[in-house]
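Okay, so here's the structure we're looking at.
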Amino acid sequence: MLDAPRNAPVAEVNNLKVYFQAKRGRVHAVDGVSFEIRNGETLGLVGETGCGKSVTGRAFLRLLPVPPGILAGGNVTFRGADGESHDLLTLSDAKIRAIRGDRIAMIFQDPGKALNPTMTVGQQVSEVFLQHRSKELLERAGLASASGPIQRHARQSERIFDGLLLKLPGYRRHRQKLQSALNAMVCEALAATQVPNPAKLIDRYPHELSGGMRQRVMIAQALACNPDLLIADEPTTALDVTVEARILELISELQTARGTSVLYISHDLSLVRRICDRTAVMYAGRIVEIGPSGDIFRDPRHPYTRGLLAAIPTQAAPRGGLAAIKGSVPELIDPPEACRFAGRCPFATDACHAHDPELASVVGEHSVACFIHYPPPSGTRPSFDRETA
Amino acid sequence: MSLAADPAPATPLLRVRELTKHYPIREGIFQRVAGHVRAVDGVSFDIMRGETLGLVGESGCGKTTLGRCVAGLQSVTAGSVEFGDTGNIDTLDPVQYRAFRRNCQMVFQDSFASLNPRHLVIDLVGRPLRVYREASGDALTERVVELLEQVGMGRQHLYRYPHQFSGGQRQRISIARALALNPELIVLDEPTSALDVSVQAQILNLLSDLQRDRSLAYLFITHDLSVVRHMADRLVVMYLGRISEQGPTETVFDNPQHPYTRALMDAKPDIEADPDVPIRGLEGTVPDPARPPRGCRFHTRCPVVTPNCGWEIDDVARWLDDTGDVLAGLSGVERRSDFNGRFTFETDAEAARLEDALRSEATPPPMRAALDRLERQGASVDIVFREVGEVPLTQRGPRHEAACVLDPTLIQDRP
Amino acid sequence: MVDFPPSVRHRGATPRPLENATGVRLRRAGDLAKRLLSNPTTVFGLILIAVMLLIAIFAPWITDPNTPDPYQMPRDWGAVRMPPGTPGHILGTTNEGGDVFYGIIWGSRTSLQLSIFVVGSTVVIGTIIGSLAGIMGGWVDEVLMRIVDVFLSIPELIFALAIAAVLGPSFTNIIIALAMVIWVKYARIMRAQVIQVKQNEYVDAARVMGDSKLNIYLRDILPNAITPVTVQATLDMGNVVLIGATLSFIGLSEAGIAEWGVLVSEGQAGIASGRWWASTFPGLMIFLWALAFNLVGDGLRDALDPRTEGR
C-alpha cells in the first residue's frame, strides 16, 4: 500500500525472546512475544509478577540486563516520525542513545529511584535538552552561530579547557544566555505536567518533593522532547489512589495533545481497562490474549484472562467466593511444548499439555492463544462448557 | 440480618476511644522535642465479635499506626484501647495482658519481612504454642500440621524455610501463625497488597472461610477500596490521623457523606463500573501531619470546599507558593494565631500586590469568603480568617457518621 | 532488576523435602560449606589454617619442648648465628643461639592463644555492648556509643602501644591491650546490625505473640545480626597476630619468648650483615597466618551474603 508509512505502527515486537541463565537451565522470561504499537494508541501490557512484561518494556530502550540475560531471538522495530525504521536490538550504542529520551522515553515505577538525588529537578530535566535539543537551545538563546566552547557546552561535550574558557567574560555572558534559555525550556516542560509554580521547582531536589510531584518531574523529563513512543512501566503503583488518578489523567491529556504512542505496563486490570485502547495479557513469558480493551474486558476469551478478571474482588461476588486461579505460576526453566497455563486451567485437556497454542484471531483484532478457539493438532479440543479439572 | 429492632446491643470485642498517637520530632544534640507528628489524633470506634472492620486511607493517614496501637505494638499517647471486658490494654495486669495478647494477633503486609528467615515453618507456626506452653514434641508437630492444613498447606511444608515459598504461601504461613492461639481478633495490615490478584483472591477467600468457621473479628487495614468493599462489614475512612467517615460498608459506598470518601471512589472505580466514566484524582499533596490543617483537615484538597472549612494563614502561604512570585519580597510573617497573621514586605507595592491578589478572582472563592479582615498598612498586610474548630463526626444515617460541614445532599454532585 | 517468578527462585533449593528439622538444618549448613568450598582462594586459606593448627597441636612431637617452660626459646650458646641447614638447627639460629625452627613451631601456639583470647573476649564484650546500645536506644545508646567513639578516635596501634607500655612488657599485657582496642569495633558493628534487624516485622510478630524480650533477642535478633561479626572475627584472627607481632617487635613482650614478633625483632639486627633467616622465617609465618584468615574471612563474607543464600 502506498500510504503504509503513515499508518504503519510506531513499533513492532517480533518473536522477542529473553532468557536468563539459572543453575538448572534457562529461564524463559520472555518467550516469543509479538505485538505492535500503533500510532497514537495506548497499548496496555498486563500480567502478574514475573510474567515478563517489564522485561518486554525494557527491550524498547535496550535496558535489558544482558548478561546475565540472553537475547535469544526476535527483534524490536521502531519507526520514528521521520519514517526511518530501526531494529532497536541491533542498533549501535551511539544511535540507541540518540533515540533514548528523544524518540522513545520511559517512566519508571519508582520516581524516588529513577531521579538522581544529588541533582536539582532543573538540572535533571536540562539533561534531556542538552543531550537531544542543543541546536534548538542555541537558537532560542540567539547563539546559533556561537563559537566552539559554547556549542560544545550546549551539547554537554566540553573539551578539556572549555571549562576555563567559559569563565572568560565574553563566554560567560553567552553561557548565562544559554542557561536562561535552558531554564525557559525546562519550565515549559514542567508546566506541561501542570505542576504549580515550575520556576520554583527547578531549584528543588527530588527528596524535597512528594511522590506525585516526583512522578510529574519524571513525566516532564520523559515528554520533554515530544517522543514518538512512551514506555510507562507501572508509573503509578507507588502512589496513593487519588494522586494516581491525577497522574493518569495527566498522561492521557498529554498523550492526546501530542499524539504520543504509549506502552502502558501494569498489573492493574481496572486501570488498563480505563486508559488503554488495546490490551495485551501476558502469562509466563507469552502473550495469551490481545485485542481492543473493550472486547477483552467485555468478552475475555482466554481462560487466564477470565480467571484474572474473576479474581478481582467486587461488591457482587459473595465474600469468600472469589474465583481464585488455583496453583501458582509454573517454572519457566526450559518449559515443555505445551500451553503454559494448562497446569492451572480448569478447561485443559490432553491436547493442551501436548501442544503449544499460538495467537489466532477470534473476532477481528481480538486474538487468543487457546485451543478453545481453534482445534489442536491432535487430542481433545477443550471447551468452556466442559470443566476438566 | 433481620430488620427487627436490635436487641440490647452486644458488648463490642474491642473499644477504641479517643485514641491519639503522637511521635515526637527530635532535633539537635540534646534531642529536644521540636514538635509532634500527629499520626493518630482522637479516633474512636468499636469492633464487634465476628465482624470485619475495614480501615481505609492513603499513606500517612495513620491507619498502620492505629493498627499497631490496637495490636499492642505501640503505646498510645492518649485515649484507650479496651479489649473484651478488660480495661485499657496499657493498664492491664500481667495475667490479663497475657489473655489479651493471645486473643489479638496480627498479620503484616510484607510476608517476607514478617517471617524470620532462619526459622523453619514448624518453628514459625509452632512458636506461639511454645510461648504459651500449649504443646511440644510430636503434639506440637501435629498441631502445626493441623494449622497448615487449615490455610491450605500441609505436612510436606513443615521443614522448609520462608524463602522457599511464594508470596501467597508465605502469607498463608503468617495466617497459620496468627491462628495458632485461637484469637478472637486479628489485625490484618494490608495482607494482600504485595500479592498478585489471582493470589490475592485465594488469600481473601481463605480469610473469609476462617472467619466464618471460627467467628473471628478482623481489623482489615488497606488502601484498596475494592478489597475493603468485598471484605468489610463496616468501614472507617481515615485522613491525616482522623476519621472522616464511618458506617456500614454498603451504606458508605452507596451514599458517601464525605468528599474524601467520594474522591477515593472516583479515583479507583470498581472493575465492573462503567469504563467510560473518567477517573478523577485530587490536586495537591497530603499536608504535613506535624501541622495538620485547622478545621477539616481535608480542606486543602477538597473539591467542594466551603468558607467554613477552616481556612488559615498557612493556606495563604500554600496558595501563594503555588501561584508564582506574589510572595517575592516577603520579609516576615507574624502569626498571632492560626487564623490571624501579618505578612510584612520590603516595599508597599509588594504588599499591595498581595492584597490585590487576595481580593482578585484568582483566589479560591471559598478562601476569599472566609476572610474576616484584610487590611494593608504600608508594607504589611493583616489577614484574619474566621475561626473554625475541628469538624466533628455527625450522624448521617443509621450508624453512619461523617465529619464534614456540608449538607449531605451537596456532596453528591461534584462540580 | 529482573523479576523472576517466585517458583523459579524458590524451588531450586528444595529437590525433595526432608521430613526432619535436624536434617534440613544440617543441609543448610552443608549448603554453606559447599558455597565456602566452591571458592579456591578460601580453600587455600582453610588448608593454610589447618596446617597451622596441626603444627600448633603437635608442637611437642615436632620439637622437644624446652624445660621448664616450653614457651621460652631454648638457648644453645654454642651455636649462635648458624645459617639454615645446620644439623640440629634446620632453619638456623639467632644471635642468642635460639633455634628459629623451634620458635616457629611453638610460636604458632603463642599466636593461636593470642588470636583466640583477644578475638574471643572482644566478640563477647562487643556483642553484648553493641546489642545493649542497639536494643535499649535512648541515653544508654548515647553513653555507650560516645565511649566507643573515644576508643575509636585513637589509632589502634598507638592505643595498644600506650596500654601495653603502661601495663609493662609481657605477653599477657599484649593480649589485654589488644582486647581493649578491638572490642569497640564489634560493638559498632553489632549495634548497627541490631538496629537494622529489630526493625524487621518478624520482631513485631514475635512481640504480638507475646514472646519474652530475651527470647526475641536470642531467637530473632541475635542470629540475624551476628553474621558480619563472624566475618570480622575471622579476619581479626589474622590481623590480631599482625598487630601483636608489631607490639612484640617493639619490645613490649617478654624477651626470649617463642613468639614470631619477638623472633623477628631478635633477628632484625642481623639482616644488615646478611643473616636474613632469623627474621624472614617468622615474618613469613606472620604473613601466612594473617593471609589465611583473611582469605577465609572474605570467603565467609561471600558465602553468607543473603543474596547468594538459598540459590
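The values are calculated or read from the model by the stated rules, or taken from the named source; none is laboratory data. Note that the structure is predicted; figures quoted are calculated from it, not measured. All Cβ positions, glycine included, derive from the backbone under ideal geometry; neighbour counts span all protein chains shown.
Residues of the stretch C:231-246 include none that is in contact with a His (Cβ under 9 Å, 6 or more places away or on another chain) and surrounded by fewer than 23 Cβ atoms within 10 Å (Cβ to Cβ). Of all the listed residues (A:ILE312, A:ILE325), the sole one being buried (at least 24 other Cβ atoms within 10 Å of the Cβ) and closer than 30 Å to B:GLU58 by Cβ is A:ILE325. Could you go through the stretch C:57-65 and let me know if any residue there is modelled with pLDDT of 90 or more, within 33 Å of the chain's Cα centre (by Cα) and not β-branched (Val, Ile, Thr). Yes - at least one qualifying residue is present in the stretch C:57-65. Each residue in the stretch B:233-254 was checked for being surrounded by fewer than 24 Cβ atoms within 10 Å (Cβ to Cβ) and either modelled with pLDDT under 90 or of a type in the set (Asp, Glu) (or both), and 3 pass.
Taken together, B:GLN150, B:GLN105 contain a single residue that is facing another protein chain (nearest Cβ under 7 Å) and modelled with pLDDT of 90 or more, which is B:GLN105. Note on the stretch A:332-369: residues that are closer than 20 Å to A:GLU36 by Cβ and among the β-branched types (Val, Ile, Thr) amount to 3.
Taking the conditions exactly as written (facing chain A (nearest Cβ under 9 Å) and among the acidic types (Asp, Glu)), does B:ASP276 satisfy them or not? So B:ASP276 fits the description; yes.
Results for (1) at the interface with another protein chain (Cβ under 7 Å from one of its Cβ atoms); (2) touching a residue at least 24 places away in the same chain (Cβ under 8 Å); (3) farther than 30 Å from A:VAL217 by Cα; (4) buried (at least 23 other Cβ atoms within 10 Å of the Cβ), shown as yes or no for each residue.
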position	(1), (2), (3), (4)
A:LEU250	no, yes, no, no
A:GLU253	no, no, no, no
A:ARG286	no, yes, yes, yes
A:ASP295	no, yes, yes, no
A:PRO303	no, yes, yes, yes
A:LEU308	yes, yes, yes, yes
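Hey, could you check the stretch A:310-360 for residues that are part of a helix (DSSP H, G or I) and of a type outside the set (Gly, Ala, Ser) and say which is nearest to the other protein chains (Cβ to nearest Cβ)? Among them, the one singled out is A:ARG344. The set of residues from the stretch B:44-78 being among the β-branched types (Val, Ile, Thr) and facing another protein chain (nearest Cβ under 9 Å) comprises just one member, B:THR52. Checked against (1) modelled with pLDDT of 90 or more; (2) surrounded by fewer than 19 Cβ atoms within 10 Å (Cβ to Cβ); (3) in contact with an Asp or Glu (Cβ under 7 Å, 6 or more places away or on another chain); (4) β-branched (Val, Ile, Thr), C:VAL80 meets all criteria but (1).
If you go through the stretch B:248-262 and keep only what is out of contact with any Cys (no Cβ under 8 Å at 6 or more places or on another chain) and within 27 Å of B:VAL37 (Cα to Cα), you end up with B:THR261, B:ARG262. One residue alone among C:VAL148, C:VAL80, C:VAL118 is touching a strand residue (DSSP E or B) at 6+ places or on another chain (Cβ under 8 Å) and of a type in the set (A, V, I, L, M), and that residue is C:VAL80.
Any chance the stretch B:181-197 includes a residue that's surrounded by 23 or more Cβ atoms within 10 Å (Cβ to Cβ), at the interface with another protein chain (Cβ under 8 Å from one of its Cβ atoms) and under 22 Å from the mean Cα position of the chain (by Cα)? No: the stretch B:181-197 contains no residue that is surrounded by 23 or more Cβ atoms within 10 Å (Cβ to Cβ), at the interface with another protein chain (Cβ under 8 Å from one of its Cβ atoms) and under 22 Å from the mean Cα position of the chain (by Cα).
Summed over the stretch B:321-360, the residues that are charged (D, E, K, R), assigned to a helix (DSSP H, G or I) and touching a residue at least 12 places away in the same chain (Cβ under 8 Å) give a count of 5. Residues in the stretch B:149-178 that are within 20 Å of B:VAL131 (Cβ to Cβ) and surrounded by fewer than 22 Cβ atoms within 10 Å (Cβ to Cβ): B:GLN150 alone.
Filter the stretch B:108-136 for residues that are facing chain C (nearest Cβ under 8 Å) and of a type in the set (Ser, Thr, Tyr); which is farthest from B:ARG177 (Cα to Cα)? Across the stretch B:108-136, the extreme among qualifying residues is B:TYR132. From the list C:ALA303, C:ALA278, the lone residue that is modelled with pLDDT under 85, out of contact with any Pro (no Cβ under 8 Å at 6 or more places or on another chain) and under 17 Å from C:TRP106 (Cβ atoms) is C:ALA278.
One line per residue, one yes/no per condition, for (1) touching a Ser or Thr at 6+ places or on another chain (Cβ under 6 Å); (2) of a type outside the set (S, T, N, Q):
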{"residue": "A:ALA192", "(1), (2)": "no, yes"}
{"residue": "A:ASN197", "(1), (2)": "no, no"}
{"residue": "A:GLU208", "(1), (2)": "no, yes"}
{"residue": "A:MET213", "(1), (2)": "no, yes"}
{"residue": "A:ARG216", "(1), (2)": "yes, yes"}
{"residue": "A:LEU223", "(1), (2)": "no, yes"}
{"residue": "A:ASP228", "(1), (2)": "no, yes"}
{"residue": "A:ILE231", "(1), (2)": "no, yes"}
{"residue": "A:PRO235", "(1), (2)": "no, yes"}
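Of the helices (runs of 4 or more DSSP H) lying entirely inside the stretch C:178-294, those carrying at least 1 residues that are more than 14 Å from chain B (Cβ to nearest Cβ) are C:227-250, C:260-271.
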